[in-house]
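All remarks here apply to the structure that follows.
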Amino acid sequence: MSTLVTAALLVILAPAPLRLPELLAAVGGDAPAVGVAEADVAARRAAVGAVGTWEDPSLSVMGESIPLGGMREDADPMMIRYQIGQPLNVFGRRGLAKRVARTAVTRGEAELRRTRWDARGQAVALFYELWMVDEMGRIVAEQIALLERMREAALALVRAGMGSMGHHDVLRAESEMAVMEAERASLGDERAAIAAMLNTLRGREIDEAIGQAELPAEAPLPDLELAAAAATGTPEVAAARAMRDSAAAQRELARRMYWPMVMVDASYEQNLGGMPDGLGLGISVTVPLWWWDRQDNEIAMARAMERTAEREEDAMTKMAGAELRMAWSRARAAERKVDALEDVAIPKLRETIASIEAAYVAGTGEFIALLDAVMELKELEARRVGATARRGVVRFELDRIAGREVVR
């Protein structure tokens, strides 16, 4: 009864399985690098309101005809002038400055999207590593159980006087069991390290327990051309487009910055000599005489930046297309390898092992043939696990490169 209670408690207290969709959602919002990128985007958004702002007005108070000795009868009456001047941000300069700032926000959002998908890609790789560790632990446990049966069979043959080399078979089985026990212990250490990094990426305590990784249902690969078409919307391409828009706005802003600067003035004249007070209005403009020395160079620099951004957009699109095709091919290759191992190689080898084990128990088979088959099965299982993990990682690589879910 106590055994049943203990088993029930272990089931209740065991951490929930780790599922990929929930992991990706957590990492996309809570990974440390994502938090930094989000703060950067917030700062860029705040900067939009700070650029192109109007300059503060200037206020001056000036006294005229202030007597230093005595007041002569023919002297001009004393007057105090209050004047305020306001520079005007006209000719579209304010709007262009804000447009440049908004392109910086767009670039920041593209960088945030890349950071988010890169963090998810790291989490996916760790997720499948965790699954590999758990799966290899299960395989090693099965192999140890099989070796225990082999050792017991060898002992039975020795007791029955049917195996002259039975004691050597027992020692060989125990030796292999010791190796596998050590491998099982190392898998536990590796699992702890993977869990620590996964907890960091999803914003949890580093030592929080993580349940077994639960493989998602395998989605079919999208059409190759459909996957490659996602290259036009990657974060890098979006950032290059924003940089091109920024260069175009900076080029136009450089041109307009050397149009006349306008200032309006208003004044109030207080006459202390009995004359009526007065109002004054004025407007002043700068005279852009040296435009050929400054404006032309700045416009040329902005045009060069625009051409650079256009080339970068084209290069990023081509590179993303090539990377998507490469990831698609790797995913297809991994699928074929998994199918070959799961559908043909491993089932046939299991049948072979069952036949050899039955022959050995009956005293007509050889221990070394059974042991070789068991080791070969372990190798094939390890290859299956590796291929399955690689299939999942490279399949997600399509989404990571595209910066979004590729339509299935």
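Side notes on the structure shown:
- Among residues of region 60-119 being among the aromatic types (F, W, Y) and surrounded by 15 or more Cβ atoms within 10 Å (Cβ to Cβ), the one that is modelled with the highest pLDDT is W117.
- Every residue from region 15-32 that is surrounded by 15 or more Cβ atoms within 10 Å (Cβ to Cβ) and in a helix (DSSP H, G or I): L20, L23, L24, A26, V27, G28, D30
- Single residue of region 395-408 satisfying the filter (modelled with pLDDT under 90 and among the aliphatic types (A, V, I, L, M)) that is surrounded by the most Cβ atoms within 10 Å (Cβ to Cβ): V406
- Residues (of a type in the set (K, R) and farther than 26 Å from E148 by Cβ) located in region 374-394: R390, R391
To keep it simple, each residue is scored yes or no on (1) within 25 Å of L112 (Cβ to Cβ); (2) touching a Phe, Trp or Tyr at 6+ places or on another chain (Cβ under 9 Å); (3) buried (at least 18 other Cβ atoms within 10 Å of the Cβ); (4) in contact (Cβ under 8 Å) with a residue 60 or more places away in the chain.
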{"site": "T308", "(1), (2), (3), (4)": "yes, no, no, yes"}
{"site": "E335", "(1), (2), (3), (4)": "no, no, yes, yes"}
{"site": "L341", "(1), (2), (3), (4)": "no, no, yes, no"}
{"site": "R350", "(1), (2), (3), (4)": "no, no, no, no"}
{"site": "A359", "(1), (2), (3), (4)": "no, no, no, no"}
{"site": "A369", "(1), (2), (3), (4)": "no, yes, no, no"}
{"site": "A382", "(1), (2), (3), (4)": "no, no, no, yes"}
{"site": "R390", "(1), (2), (3), (4)": "no, yes, yes, yes"}
{"site": "V393", "(1), (2), (3), (4)": "yes, yes, yes, yes"}
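The values are calculated or read from the model by the stated rules, or taken from the named source; none is laboratory data. These numbers were taken from a predicted model, which means no experiment stands behind them. Counting neighbours? That spans all protein chains shown, and the Cβs are built from the backbone with ideal geometry, glycine included.
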